[in-house]
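The values are calculated or read from the model by the stated rules, or taken from the named source; none is laboratory data. Source: prediction; values computed, not measured. Neighbour counts are summed over all protein chains in view; Cβ atoms, including those assigned to glycine, are modelled from backbone coordinates with ideal geometry. All accessible areas refer to the heavy atoms of the entire protein, side chains included, with ligands and DNA or RNA removed. Shrake-Rupley method; radii C 1.70, N 1.55, O 1.52, S 1.80 Å.
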Amino acid sequence: PSSGKIYQFSDGVYLQTIDERLNLTTLLKTTRDLDTSFNAHEYFLAHNLTEEYMNGAGYDEFLDENNTSTGHRLSRAPIYYNVIDSGNNTWTFNYFFYYAFHGYSNMISVPSNGTRSYTPFLLSPVGMHEGDWEGTSVKVCQTSIEDQDGDVPTKQQLPKPIAITYRQHDFTEITDCTQGECHFFEDSYHPMGFVALFSHATYPFPSYNHVYHRILLSLFLVDRTNYLDELNKMSFFQPNATNVIRLLNPQEVNFTTPRSQYWNAFGGQWGDITSPNLKVVIPDCLNENQTAYVPCPTKEQDPVFYRVMQMIGVYPPDDDSENLQPNSILAAIADFSAHSNDQSGPVTKLWFHEETPPINAPIWDGIPQNTIEEEYCSAFILVPDTGNQHVEYHTWNIKANMLGVLSMCILLPVGT
């Protein structure tokens with residue numbers, strides 16, 4: 001960003017506007033030089049939301065070896081990185097992706113009538129916020145490459161990654177390349193990552209629904225990494241020598257730094273911090289391939305979805321005497337989304353400075369260690385469609401693909 005303002009915010013109150021020009025003195029005083037925690041939750045950067053900024057870097061056509069358009073889109077956006085010494089003769093490259101906005105929360109409503117039907121939807125405006133930094137980390141051996149001819153190193157000359165860390169909300173997933181768990185792009189050692197719709201969490205494989213949190217018996221928060229559009233085309237980023245840019249350490253930023261890099265010193269929150277208006281909440285349902293919006297099901301078509309919408313206050317109750325307490329449920333969803341999708345920038349993330357361990361998604365909380373698949377899936381009881389039906393128990397063989405455990409247990413199709 002080159003324009004916007006920095007303001008101070010505390011206990012739900014705007015205290016003052018510190019700077020409206022993003023000058024370096026303010027950036028240093030309010031963040032880098034004030035204390036070691038960077039005051040990440042006290043100072044905020046509100047961008048100047050111009051049309052150019054909102055549109056982003058845009059896309060180019062992706063051409064094949066014959067210089068013919070493939071219909072795929074190649075992003076012009078940069079990716080930023082830093083490198084840390086992760087010990088044991090290894091380096092970890094941290095890659096940061098910036099999105100102007102974090103979109104609405106993705107959810108599914110799942111019936112328990114033994115069918116594979118479910119309703120995918122977005123819940124507007126829950127989860128929406130300005131400024132979204134996401135990332136992925138790649139660990140490699142500290143191997144030097146000697147190329148006497150000055151040519152670009154071949155795949156055989158490059159060190160193969162040891163592990164890849166995919167960062168998703170406030171949890172992480174690590175794939176072990178030495179055990180064959182990592183996926184690379186075509187004939188290279190470039191790791192592949194699949195970005196989730198609106199949340200921008202990054203996963204090692206595509207799926208219609210990565211389930212990561214359970215809100216109600218039949219309501220789940222999910223991430224969708226189906227990367228093909230309605231024409232079976234995709235949009236992607238391909239690194240080269242000019243679009244991968246090193247992030248400066250905050251201590252490197254001074255008055256000799258180009259103005260375009262001043263923001264590297266900002267240690268506060270990215271984007272205006274405003275709570276969503278929960279008085280007007282709208283579900284946006286998706287088609288089976290998650291490529292277009294469709295009308296949400298009626299009460300007759302999907303009683304569980306309709307009941308869930310009543311429980312969270314989106315649809316009115318059938319009877320005024322019903323005590324559904326929707327405000328507290330909806331507020332809890334919004335609060336969870338806010339805390340798991342914070343607006344901190346690269347320098348305030350712990351993994352910018354040191355290697356971090358994997359963190360389980362919330363849906364795994366409360367599951368005892370050494371739980372076997374039969375015990376887990378049998379305990380994963382879903383709410384009956386009408387409240388009067390017998391609850392069915394199902395056990396599914398998931399040993400062959402532990403990454404798909406949640407999807408298989410609740411009968412969700414996985415994209416390929």
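Quick notes
- Estimated at the nearest 10 Å², the accessible area of M128 is 70 Å² with a 1.4 Å probe.
- To the nearest 10, the accessible area of I245 is 60 Å² with a 1.4 Å probe.
- Placing pseudo-labels 7 Å out from each Cα toward the beta carbon at L158 and Q238 gives an inter-label distance of 1.3 nm.
- Greater than 31 Å apart at Cα, pairs in K5/K160; K160/K349; K160/K233; K5/K279: K5/K160
- Inter-label distance, nm, simple model (7 Å from Cα along the C-beta direction), D60/E252: 2.5 nm
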